[in-house]
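Right, one structure below, let's go through it.
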Amino acid sequence: MKFVFKFILTLILYVTCLPVFAQEDSLIYNIALDSVVIRANRYTSDLKSDINGVVELDMEIMDKLPKILGNADPMLHIQILPGVQTKGEYKSGINIHGCDNSHNMISISDVPIYSINHLLGLFSIFNASHYQTIELIKTPNSALFPTRLGGKLNVTHRRIISDSLSGEFAIGLISSQGTIRTPLGKKSDMVLSLRGSYLNLLYGSFIRSGGVRLRYSFYDANFTLRHKFNGKSQIIFDCYLGNDKGAFDEDKYLANMEAKWGNKMGALHWHYGLEDSSFLVKNTFYVSTYRNNFNLGVSDDVYKAPSDVIESGYKGVFSLNNLSGGLDFAYRRFNPQRVYYAVNHPDTNNFLKSYEASLYINYEQVLSKNFTIMAGIRGNMYCNGKTYTSVDPSLSLSYNNEAIKVIASYALRHQYLFQTGFVDSGLPTEFWLPCNDICKPQYSHSFLLGFSKYFAKGLFKIDLDIYYKLLYNQVEYRGAILDLLNPNYNYQEHLLVGDGNNVGFSFTLNKCAGKFSGWMGYAYTRARRSVQSATLNERFPASHERPHEVDVLITYQLNKHFRFGATYVFASGTPFTAPKSIALINGGIQVYYGDHNGMRLKSYNRLDVSIDYQWRCRYASEHGINFSLHNATASNNELFYGMKIKSDGSYAYRPVTFALKVMPSISYFCKF
């Protein structure tokens, strides 16, 4: 019977594929599992977000997203997120939750950058192949959030030291770019990226609109050197250099415009601790500059209106378990826009200097299995001859049960920087300045309610944001480019100072996986400003307000060779101020305007398409050809209204559209 029992038990275990090793003199059996493989479907979205509302876009997925004009630009895809206003051609910057571009902190590894666009808004300064991720925070959510009223956009470097030579490049009709990553021993590596455009070589004869010819070029370079001293400490040297040159030449009218602008940035980072450890310290010493040389030619006269800002500083941040905090210090030197006649007036500078320091602490506590509370406080001190201080609290409560995430937050924020100037020229004519007797420190109360949920077994995800902001000491520029021709021009006389509010919501539907993936969304935004003074009492929409916006991004992987992609944008037209009359007084042109932002452009819509054909070969991990169409439907979008003055004294006021309705591009890309 003992033999029969053993035989039956062994047979059962054998049938179930489990080896049995029976001891001859015992009923004890050793069962060994060689391996177990568990398979399950897990969908991951190209857009990752945490419970605090931080959206993260991995630069690796740029290869899967549509390449417009031969380039999968991360800023293009960030702007297609609801709540982030889409910019048209001839525009720069970014608007988040109805805030001005200057309300946002744009940074490279937390080092501020003051201008982020190339090619009149079609490219950004961020070369995707050089960075690891791009992070977006739409509203202040903790004490670590900087002294800005809007959102934060930060690109981060690659975290892993390269162990072999690798790189990638793309060659197209409009621009070319390349990145090389090489190890320098076992603990060091170097990353170098270069990019440049030659738009005029192939498109120069086509880019004309109403007698206006566009000339444009840009280049930029990134260099990063990293060294790990041990398992917990590393030092990073990082720098960026970029420059743009653009001009509008007109055949029938007097005025011609040209500008040169660009950023320079250098930083030294020292990190101690691992990203996944309980203790982490980051120290950064940096210098960041932005310069803009804007020239306006009228007949034989040339007027110059340069501006610049230089910032140097230190940022230190630590995290220990649930506690985090840090110290920020910045010295800034401003040269606000000034106008002088190039022949008779010397180039004199009128520098403004300021100092800003912030000390902050943040604490996060888990209240229960699903509830978490986060509270923080940030103390600020600002000095530019006069000293300002502020204390900014923040509080958020979040609920997360994996399938559903809900967050409610409040934050008070102060900001001591302003950006202003006329914005209807097609070139970056705005400039930066510090707070002063006219421009008091800005501050805001921000409220946010966010909700996200996965459904259909995690294949789809929906996100909903509802926000409300109260804004104080806001600045708008009342005027246009012809104001520069006034011999008594003073930018302070064109500033409107008042308060405002932003209110709206955004909805996103995201398909997380499959051959067909992407996202679509709708956003409703109202950004209102009001001015009350002894001579003026107005309430008007902000210059960037677009009440309705629909954004769509889709990709389709047909097979291992073909990938299709498209982006579509529909948005309400932005407001503008129309002139009532124009006069020549004492040799200067005087323009009289109607209600500020009293009129609105026609609705904006644009479809961009992209096709990739790729294959593998022995010497490259991936390479292929991309074909794209910018504005494939040839929509005649109004970008702004411009005043044109003829030599006989007559003038025209009309909408300006992009110089080339449909812009095709073909490029070759390769990874090795």
Worksheet item: over 30 Å from PRO664 (Cβ atoms), open to solvent by 30 Å² or more (accessible area, probe 1.4 Å) and free of Cβ contacts under 8 Å to residues at least 40 places away in the same chain, is that true of LYS186?
Response: yes
Worksheet item: If you go through segment 596-607, how many residues are more than 24 Å from SER635 (Cα to Cα) and either of a type in the set (Lys, Arg) or surrounded by fewer than 17 Cβ atoms within 10 Å (Cβ to Cβ) (or both)?
Response: 1
Worksheet item: From the list GLU638, GLU622, which residue is in contact with an Asp or Glu (Cβ under 8 Å, 6 or more places away or on another chain), modelled with pLDDT of 80 or more and at negative phi?
Response: GLU622
Worksheet entry | When residues of segment 301-316 are limited to those that are among the aliphatic types (A, V, I, L, M) and either touching an Asp or Glu at 6+ places or on another chain (Cβ under 8 Å) or open to solvent by less than 20 Å² (accessible area, probe 1.4 Å) (or both), the one farthest from PRO428 (Cα to Cα) | VAL309
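Where in segment 17-127 are there strands (runs of 3 or more DSSP E), lying fully within it, with 1 or more residues that are at pLDDT 75 or above and of a type in the set (A, V, I, L, M, F, W, C)?
On the way: elements: 20-22, 29-31, 47-49, 54-58, 105-108.
Qualifying strands (runs of 3 or more DSSP E): 54-58, 105-108.
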Practice prompt. With the condition kept exactly as written, say whether any residue in segment 146-154 is in contact with a Phe, Trp or Tyr (Cβ under 8 Å, 6 or more places away or on another chain), on the phi < 0 side of the Ramachandran plot and without any contact (Cβ under 8 Å) to a residue 60 or more places away in the chain.
Written response: yes
Discussion item. Looking at segment 621-630, can you tell me whether even one residue there is open to solvent by less than 60 Å² (accessible area, probe 1.4 Å) and either among the aliphatic types (A, V, I, L, M) or closer than 30 Å to GLN532 by Cα (or both)?
Written reply: yes
Discussion item. Checking PHE564 against (1) over 30 Å from GLY70 (Cα atoms); (2) open to solvent by 70 Å² or more (accessible area, probe 1.4 Å); (3) at pLDDT 90 or above: exactly one of these is not met. Which one?
Written reply: (1)
Worksheet item: So which residues in segment 164-202 are out of contact with any strand residue (DSSP E or B) (no Cβ under 6 Å at 6 or more places or on another chain) and charged (D, E, K, R), if there are any at all?
Response: LYS186
Item to complete: Sort out which residues of segment 516-546 are more than 29 Å from LEU81 (Cα to Cα) and at pLDDT 85 or above, and write them in order of number.
Response: VAL531
Discussion item. Looking at ALA375, ALA403 in this structure, which one is at pLDDT below 90 and over 17 Å from ALA330 (Cα atoms)?
Written reply: ALA403
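Based on what the data block shows, is GLY421 within 28 Å of ILE94 (Cα to Cα), crowded, with 16+ Cβ neighbours inside 10 Å and not hydroxyl-bearing (Ser, Thr, Tyr)?
Values: within 28 Å of ILE94 (Cα to Cα): yes; crowded, with 16+ Cβ neighbours inside 10 Å: yes; not hydroxyl-bearing (Ser, Thr, Tyr): yes.
Against the criterion (within 28 Å of ILE94 (Cα to Cα), crowded, with 16+ Cβ neighbours inside 10 Å and not hydroxyl-bearing (Ser, Thr, Tyr)), GLY421 qualifies.
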Item to complete: Filter segment 240-286 for residues that are among the charged types (D, E, K, R), at pLDDT 80 or above and either in contact with a Pro (Cβ under 9 Å, 6 or more places away or on another chain) or open to solvent by less than 30 Å² (accessible area, probe 1.4 Å) (or both) and give the result.
Response: ASP244
Fill in: Only listed residue being open to solvent by less than 70 Å² (accessible area, probe 1.4 Å) and at pLDDT 85 or above, chosen from SER650, SER610
SER610
Worksheet item: In segment 363-398, how many residues are part of a loop (DSSP other than H, G, I, E, B) and surrounded by 14 or more Cβ atoms within 10 Å (Cβ to Cβ)?
Response: 2
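The values are calculated or read from the model by the stated rules, or taken from the named source; none is laboratory data. Just so it is clear, the structure is predicted and the values come from calculations on it, not from any experiment. Cβ coordinates were reconstructed from backbone atoms using ideal geometry, including for glycine residues, and neighbour counts include every protein chain displayed. Remember, those area values only see protein heavy atoms, side chains included, never the ligands or the DNA or RNA. Shrake-Rupley method; radii C 1.70, N 1.55, O 1.52, S 1.80 Å.
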